[in-house]
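Taken together, the values in this text are just the output of simple stated rules run on the coordinates, not laboratory data. Just so it is clear, the structure is predicted and the values come from calculations on it, not from any experiment.
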Amino acid sequence: MVYLKSLQLIIISFSFILILVGCSQTDEEAWFETKEEAIEYGIHQEGADRSAILSIEEHEGETFVFFEINGALGVASITENSKGYSWYRSAPFIDYEVYGHTAFSTSSFEYETKSGLKVSILAGKVFDNSIQAMQLVGDGNERELPVHKDSNLFFTIHQMPYLSLEVTAKN
């Protein structure tokens with residue numbers, strides 16, 4: 001009997017906690033009249049300032065903000081709807097470590113915007129300071145990816161599967 005009362009108390013307590021947590025969650029998105037205001041707010045929320053922004057790019061009607069914090073790459077998108085513009089980051093920061101005598105490292109990950117658009121992002125970091133840019137082959141036209149000097153990061157949105165891409169260094 002005591003066991004049953006304890007079990008009931010635990011279930012009731014757990015249910016009460018779930019209700020409190022569920023009711024206390026609010027929509028924490030901040031909406032702004034302009035895209036620029038949303039970017040300023042978002043980069044500040046990330047703990048940085050405008051100098052952390054590496055690139056702002058438009059792709060398939062969406063705005064992507066690539067930025068660097070403590071040597072790691074962050075990607076956010078700007079959501080637009082009837083409320084205005086809002087900062088949204090759905091992926092963790094990407095950072096790279098040097099293993100042996102590696103000149104550069106690359107990876108690819110999927111990023112999903114608040115509206116549901118999924119894009120593939122190729123990103124990497126250069127560890128050899130003589131490398132000025134990266135060359136990308138296999139995603140349509142051959143193109144050059146700039147290496148951002150303060151962070152040594154490079155990135156692009158790509159269409160083809162990661163394993164079909166070839167990334168080489170340009171000195």
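What to note about this one:
- Extents of region 53-171, taken as max minus min of Cα coordinates on every principal axis and listed largest first, are 50, 32, 19 Å.
- The alpha-carbon of K114 sits under 17 angstrom from the alpha-carbons of these lysines, leaving out residues fewer than 8 places away in its chain: K35, K83.
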